[in-house]
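**Q** Got a structure for you, questions after.
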Amino acid sequence: MQLDGYHGTEISNIEIIQKNGYKISSDNEWLGSGIYFFESLNNFCDGFLEAKNWAFYVKKYKNWAVFKVKIKSNKFIDLVTNIKHREIYDKIRESAIKKHIQSGFNKKDFKENSIYVTMSELDIDFIRVLVDAQKDYGYYSYTVRRPQIQICVKKTDIIIENKLYNSSMEV
Amino acid sequence: MDYGAKELNKILNKFETMSIDEYKSLYEELNSLESYCPFYIITDNFNNQITFSNNARLIEGNFFDEIDDKNIIIQNNDQYVISDNPLAA
């Protein structure tokens, strides 16, 4: 499988990333350790925009930059378009929640990243997930308004191309 | 069965055979981490406040642009309350 991903960062990191590539983050992230990218899918979601927003709003980098990469590997978990992977993931979640309750914890305190952190021991190159990043407007909503496709890359050698795509200097 | 499915089955087997003590240890480890969350999980408590019921440390989006960081109050270590909720106006 080959994918394009967008990575948001600060302008001051451009040279380091261009020279040394990416650094794998620690386990304390929602999909486990790795390098995080957003993906575009036709008109469904905009990877560049999500990466830029991540850098600007979440990380609060006024001087943001977005890289575009090509990722290639056959050792992946795809929870976006692979139905079999999603089916097994649902069984994992069911089993993990059961264990959570058996351990005396409340179901509402279950942490889904317990599954992704556990996946860190697998020999996989990336995890691809669909995230509903919608803002809560204070009422119950059943429609997805802000889909994000996120890719957590576990091994840097599957990034076969890395280019600076855009930055606040160019806007 | 493809490669990813086989790997996922290893995780399924791990959770199915995990002891209660092992699970508690994993859960405590996760609780000790600062977790970043890329999306909003908000519960409006109808008290001119918004509570982030997730353990997110930073919350993304335009919404954060509208409020001053000083209004963010840490509650019970894993909940963040924003006073003077601009959405309640």
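**Q** What's the longest bit of chain A with no exposed chymotrypsin sites (Phe, Trp or Tyr not before Pro), using DSSP loop states and at most 13 other Cβ atoms within 10 Å as the test? List each step's numbers first, then the result.
**A** Numbers: sites that count: A:44, A:137, A:139, A:140, A:142.
My reading of the result: A:45-136 is the longest stretch.
**Q** Calculate for chain A the 222 nm mean residue ellipticity that helices alone would give, adding -39,500 (n - 2.57) per DSSP H run of length 4 or more and normalising by residue count, nearest 500 deg cm²/dmol. Don't skip to the end; give the middle numbers.
**A** Working: 4 runs with 41 residues, N = 171.
Here the helix-only value at 222 nm equals -7000 deg cm²/dmol.
**Q** Which net charge results for the neighbourhood of residue A:94, defined as the other residues with beta-carbon distances under 13 angstrom from its beta-carbon, given Lys and Arg at +1 and Asp and Glu at -1?
**A** Details: positive: A:86, A:91, A:93, A:98, A:99, A:107; negative: A:87, A:90, A:112, B:16.
With Lys, Arg at +1 and Asp, Glu at -1, the neighbours total +2.
**Q** Could you work out how far the C-alpha centroid of segment A:56-121 sits from that of segment A:139-162, in angstrom?
**A** The distance from the Cα centre of segment A:56-121 to that of segment A:139-162 comes to 10 Å.
**Q** Oh, and also: Evaluate the relative contact order of chain A (contact order divided by residue number), counting alpha-carbon pairs under 8 angstrom at least 6 apart; express in whole percent.
**A** Values: 301 pairs, mean separation 57.5, N = 171.
Result for chain A is 34 percent.
**Q** Under unit Cβ charges (Lys, Arg +1; Asp, Glu -1), what dipole magnitude, rounded to 20 debye, does segment A:29-171 have relative to its Cα centre? Write out the running numbers ahead of the final one.
**A** Working: 24 positive and 18 negative charges, 41 e Å.
Dipole about the Cα centre, nearest 20: 200 debye.
**Q** Then there is this: Just to confirm the number: angle between the C-alpha axis of helix A:83-102 and the first principal axis of chain A, 0 to 90 degrees, nearest 10?
**A** 60
We did not get these values from a lab; they are worked out from the coordinates using the rules stated. Treat the numbers as computed from the prediction; the structure is a model and nothing was measured. Methodologically, a virtual Cβ is constructed for each residue, glycine included, from the backbone with ideal geometry; neighbour enumeration extends over all protein chains shown.
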